[in-house]
Structure formats: C-alpha cells, structure tokens
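The values are calculated or read from the model by the stated rules, or taken from the named source; none is laboratory data. If you're wondering where the values come from, they're calculated on a predicted model, not measured in any experiment. Note: ideal-geometry Cβ built from the backbone for every residue, glycine included; neighbour counts use all protein chains shown. In case anyone asks, the SASA skips ligands and DNA or RNA and just uses the protein heavy atoms, side chains included. Shrake-Rupley method; radii C 1.70, N 1.55, O 1.52, S 1.80 Å.
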Amino acid sequence: MQGQAQQQAYDRGITIFSPDGRLYQVEYAREAVKRGTASIGIRTAGGVVLAVDKRIPSPLLEDSSVEKIHKADDHIGIASAGHVADARQLIDFARRQSQVNHLRYGEPIGVETLTKTVTDHIQQYTQVGGARPFGVALIVGGIENGEPRLFETDPSGTPYEWKALAVGAERGELQGFLEEHYDEEADLDGGVALALEALASVNDDSLLPNEVGLATIDAETETFVQFEDDEIETYLEENELLDTGEDADDE
C-alpha cells in the first residue's frame, strides 16, 4: 500500500520527481499534445510555412472558429497542437512580449528570443505546486535578420530549432514523410506543397480546403499571411490533393 501511495504522489505532484528522475505530469502533457490534430512547420529558402489539420467535427460548426494558426507579430506566426485553450493563453503571452519588445527597444522581437521567452514561461509551470503544465506544443516560425527560423516548444519548457517538423497526432508518420521529402533549396511554394502533401499522406491522400489551415511568412517581405479557403483550394488543385468526394458518391 505504501508503494502505491508513493507512486500516486509522483503521478500527481508536478513538483515531485520519481525515483528515475521523471516528472509524470509533463509526460501526461505530452500525451495531450499527441491527441491534438497535426500541425506542420517547414523552413524554406524563401520563408516559413505553417500548415494545420483542422478536422471540423460537425457540419454545424463554423469553420472559422477552429483556430490553430495565429499571428504573433507581423513577422512571426504560431501553429499549435494539443489543448486549444492552453495554446491561446501562450499565444496571448507571446503577443504581449512582442509588443513589449516594440515599446522597449523600438524593434521587432527575434524569433528565437520570443520562443525562449515563451518556453521560460512554460517551464515555470513544471515546478510550481498547485498548477499543471501546458498541454500544448507550439510551432513558432518567422523571419529574423532576413533569415527564416523555425522552433518548437515542448510542455517541459524546452525549445528546439528545426528545418521541418510535425507536432500532434500521427507525428511519427508525418515526420518520416518530411525527412524523406524535405529539400533545403525549395522556395515558399515548394514548402507549401510539401506541407499539404504531408497532411494528405495521413488523410487518404486528399484534403478539404475548409479542414486545412495554411500560412506563410515570406523572407523578403517579412510578412505573415494566412490563406483563405479559396486560396487553399487552388493549392490543393495544383498539387492534385483536393478531395472531390467522388469516392463517396461512387459508394
């Protein structure tokens, strides 16, 4: 009985390490990320691409209310996977830090600086009693000194820099697809095509425009642009990934 009680203490207490050095609540937060729909970030020579799987659960739900891509600053975008409410809290925090930097220093915040500020905030919730870790992973992409940068935040509060990555559901399959097809010399359109192809690879090789979110940050203009459904449909048609519903009609 005593052993079970100790195990429960390690399991429930965020401030208590297990004998093998693990924080179970952080690991549970990572599991929450895996239950969220997939998000992808790709760094190209021409900028950064963010793409997300929105998967509308009901035809009665307004598509625009499913938000997984956010603008943090003119030159930075963020995609999320995991608990949406947790993501919104962190994105609001990131936006405030961006504005603080503008007011204090009169210049845009660096992508790496913003990411590490957010992960410092996340890390505090891994060692404070009475709180829980954020059950979300963020992909932070933007332009810094003319160069595209792409980072991931982990529920432990650790930042990682990537060339291309996926977070959320089916991360293993998506990451394998990106590792196989990623091209460092690709332009922004090539990055968009790769992101959509990766999402389609785990969705029967086809996608619906209203169930995909897509944004880019161009290295030349250093501007965040989020695409509307009709623009996404054009990209899907060009890459032969548009779900026309013909198979369902045949059945």
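Please verify whether Ala87 is hydrophobic (A, V, I, L, M, F, W, C) and part of a strand (DSSP E or B), treating the condition exactly as stated. Answer is no for this residue. For Thr15, the conditions (1) over 18 Å from Pro159 (Cα atoms); (2) under 18 Å from the mean Cα position of the chain (by Cα) are fulfilled apart from (2).
Here Val212 passes the criteria (1) within 23 Å of Leu60 (Cα to Cα); (2) among the β-branched types (Val, Ile, Thr); (3) open to solvent by 20 Å² or more (accessible area, probe 1.4 Å) except the one numbered (3). Filtered by the rule that a residue be over 12 Å from Gly168 (Cβ atoms) and open to solvent by less than 10 Å² (accessible area, probe 1.4 Å), segment 45-59 gives Gly47, Val48, Val49, Leu50.
The residues of segment 165-201 that are under 11 Å from Val49 (Cβ atoms), of a type in the set (A, V, I, L, M, F, W, C) and open to solvent by 10 Å² or more (accessible area, probe 1.4 Å), listed by number, are Ala186, Leu188, Ala193, Leu194.
Going through Glu144, Glu180 one at a time, which residue ends up being acidic (Asp, Glu) and either under 18 Å from His75 (Cβ atoms) or at pLDDT below 95 (or both)?
Checking each option against the conditions leaves just Glu144.
Selection within segment 60-89: residues that are surrounded by 15 or more Cβ atoms within 10 Å (Cβ to Cβ) and of a type in the set (Lys, Arg). The member of this set that is nearest to Glu170 (Cα to Cα) is Lys68.
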